[in-house]
Amino acid sequence: MLTTGPVPVYPEVLQAMGRPVIYDYHPAFQTYYANVIDKLRLAMRTRLAPVIMQGEAILGIEAAAAALIGKSDIVLNLVSGVYGKGFAAWAARYGKEVVELAVPFDEVIDTEAVRQVLRRRPEITVVSVCHHDTPSGTLNPLAEIGKVVAEHGAYLIVDAVSSFAGLDVHPDAVDADIFITSPSKCLGASPGLSLISVSERAWQKIEANGDAPRGSFLSLLGWKDASEPGRSFPVTPSISEIYGLDAALDRYFSEGAENVWARHAQTAAIMRDGLRQIGVQLWPKREEWCAPTTTAFRVPEGWSDAALRDRLLDDHGILVSLGRGETAGKVLRVGHMGSSAEPSFARAAVKALDEILSNRTST
Ligand SMILES: *Cc1c(COP(=O)(O)O)cnc(C)c1O
């Protein structure tokens, strides 16, 4: 399953998820939960306790928009792919105005262009960006963008769902005010949670925002300090998912974050080299824009995306992802995330593609 998420879950994570479910108000669970939050904080290399919300990462992204963006906010939404584009709907629902800076989906955001928009529109208060826009397999220059946004003084919301834990990206290092990720991509756990880091000044803005959801499933505020002794959970956390996340974090630390990132980078480099050797074109216009967690390539002439995907699955047992939105029909995508970031898998995918494409009998 060389998909772009969910990905094959590590065996030790599956095993942890099979443990007995205990009562969430058992003091042992509360201590355990606080410990998982602290491991997540260490993995995110941040100071404040992150929050976990009970739904796959789109919940966290929508909750971030609902909490942080108020009626007087002007949001600059950076668009280099399907997820970046999609954020505009939430920004528009909660904010006053959405300004869009878009590039073609085989390119990445230019930091200088961000600086110019912020200069032209000094009243912009929030900037949103998707770090790795998965349907395009491209990586935006997040640290540079973060610096420009910080200089301007705006709040930065980052979708790092399919990049965190696959490369060196952490909320404080990129000046993110809200940074959302998921266990089901590079951490190699199951889908079902949103992992969210919030900066001190973002919490202040959220608390001051009378329209931020309270007493709602969408409430980020409801989960603030939920792990502290004596605090209550706004809803029962999915106990099994927390066990799974804990095991995935343990695995991440025991392999070593730097080693995990190197494994992702190496796998993607092998995939790109292999594609070049068999004459298949990458989707991103420049190789330096390619993410180490997804390789998107153009569907070769004479093939439909679905036919090629089916041949990979039926003849070689390899499942890859189709494009999405604007990249649908144009690309196939090989995920290198968590357990699927393995050099031998990239070699196998290239070999299978080469065999299929050199006996071109099917279209
Ligand atoms: C997977 C992913 C999400 C979360 O989407 P789900 O449909 O909830 O899994 C968000 N952003 C990006 C960039 C992703 O790759």
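Any residue that is under 14 Å from residue 226 (Cα atoms), among the β-branched types (Val, Ile, Thr) and at pLDDT below 95 - is there at least one of those in the stretch 44-52? Walk me through it before giving the result.
Going residue by residue through the stretch 44-52, those that are under 14 Å from residue 226 (Cα atoms) are 48-52.
With among the β-branched types (Val, Ile, Thr) added as a condition, the list becomes 51-52.
Subsequent filtering for residues that are at pLDDT below 95 retains none.
The answer is no; no qualifying residue exists.
Within the stretch 293-327, can you find the residues that are small (Gly, Ala, Ser), free of Cβ contacts under 8 Å to residues at least 40 places away in the same chain and under 20 Å from residue 267 (Cα atoms)?
Hit for the stretch 293-327 is 317, nothing else.
Considering only the stretch 200-215, state which residues are at pLDDT 95 or above, of a type in the set (Gly, Ala, Ser) and in a loop (DSSP other than H, G, I, E, B).
Across the stretch 200-215, the qualifying residues are 210, 212.
Only one of these conditions is not met by residue 302: (1) small (Gly, Ala, Ser); (2) touching a Phe, Trp or Tyr at 6+ places or on another chain (Cβ under 8 Å); (3) under 26 Å from residue 359 (Cα atoms). Which number is it?
Unmet for residue 302, out of (1) small (Gly, Ala, Ser); (2) touching a Phe, Trp or Tyr at 6+ places or on another chain (Cβ under 8 Å); (3) under 26 Å from residue 359 (Cα atoms): (2).
Among the residues of the stretch 57-102 satisfying the criterion of being polar (S, T, N, Q) and away from the ligand (no atom under 12 Å from the Cβ), which is nearest to residue 149 (Cα to Cα)?
Among those residues, the one meeting the criterion is 77.
For the stretch 165-185, how many residues are farther than 22 Å from residue 124 by Cα and near the ligand (Cβ under 10 Å from one of its atoms)?
Total meeting the criteria: 4.
For residue 45, all conditions in the list (1) at negative phi; (2) in contact with a helix residue (DSSP H, G or I) (Cβ under 7 Å, 6 or more places away or on another chain); (3) more than 16 Å from the ligand (Cβ to nearest atom) hold save one; what is the number of the exception?
The number of the failed condition is (1).
Can you find even one residue in the stretch 236-254 that is closer than 30 Å to residue 94 by Cα, open to solvent by 50 Å² or more (accessible area, probe 1.4 Å) and within 25 Å of the chain's Cα centre (by Cα)?
Yes; the residues of the stretch 236-254 include at least one that is closer than 30 Å to residue 94 by Cα, open to solvent by 50 Å² or more (accessible area, probe 1.4 Å) and within 25 Å of the chain's Cα centre (by Cα).
Against the conditions (1) among the hydrophobic types (A, V, I, L, M, F, W, C); (2) open to solvent by 10 Å² or more (accessible area, probe 1.4 Å); (3) outside any helix (DSSP H, G or I); (4) closer than 22 Å to residue 42 by Cβ, where does residue 226 fall short? Just the number, please.
Among (1) among the hydrophobic types (A, V, I, L, M, F, W, C); (2) open to solvent by 10 Å² or more (accessible area, probe 1.4 Å); (3) outside any helix (DSSP H, G or I); (4) closer than 22 Å to residue 42 by Cβ, the lone unmet condition for residue 226 is (2).
Please verify whether residue 111 is away from the ligand (no atom under 16 Å from the Cβ), open to solvent by less than 30 Å² (accessible area, probe 1.4 Å) and of a type in the set (S, T, N, Q), treating the condition exactly as stated.
yes
Specify the residue that is surrounded by the fewest Cβ atoms within 10 Å (Cβ to Cβ); the eligible residues are those in the stretch 188-199 that are part of a loop (DSSP other than H, G, I, E, B) and within 12 Å of the ligand (Cβ to nearest atom).
Among residues in the stretch 188-199 that are part of a loop (DSSP other than H, G, I, E, B) and within 12 Å of the ligand (Cβ to nearest atom), the one surrounded by the fewest Cβ atoms within 10 Å (Cβ to Cβ) is 191.
One line per residue, one yes/no per condition, for (1) part of a loop (DSSP other than H, G, I, E, B); (2) under 20 Å from the mean Cα position of the chain (by Cα); (3) over 18 Å from residue 162 (Cα atoms):
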residue: 4; (1), (2), (3): yes, yes, no
residue: 22; (1), (2), (3): yes, no, yes
residue: 52; (1), (2), (3): no, yes, no
residue: 75; (1), (2), (3): no, no, yes
residue: 85; (1), (2), (3): no, yes, no
residue: 92; (1), (2), (3): no, no, yes
residue: 105; (1), (2), (3): yes, yes, no
residue: 117; (1), (2), (3): no, no, yes
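So how many residues does the stretch 130-158 have that are open to solvent by less than 10 Å² (accessible area, probe 1.4 Å), part of a strand (DSSP E or B), touching a strand residue (DSSP E or B) at 6+ places or on another chain (Cβ under 8 Å) and in contact (Cβ under 8 Å) with a residue 40 or more places away in the chain?
Matching residues across the stretch 130-158 total 4.
Could you figure out which of (1) touching a Leu at 6+ places or on another chain (Cβ under 9 Å); (2) of a type outside the set (Asp, Glu); (3) crowded, with 19+ Cβ neighbours inside 10 Å isn't true of residue 171?
(1)
Considering 353, 275, 312, which residue is in a helix (DSSP H, G or I), touching a Ser or Thr at 6+ places or on another chain (Cβ under 8 Å) and either closer than 19 Å to residue 184 by Cα or not assigned by TED's automatic domain parsing to the domain that holds residue 130 (or both)?
275
The values are calculated or read from the model by the stated rules, or taken from the named source; none is laboratory data. Owing to the predicted nature of the structure, the values given are computational and were not obtained by experimental measurement. Backbone-built Cβ (ideal geometry, glycine too); neighbour counts: all protein chains shown. Side chains are part of the model used for accessible areas, which takes the heavy atoms of the whole protein and leaves out ligands, DNA and RNA. Shrake-Rupley method; radii C 1.70, N 1.55, O 1.52, S 1.80 Å.
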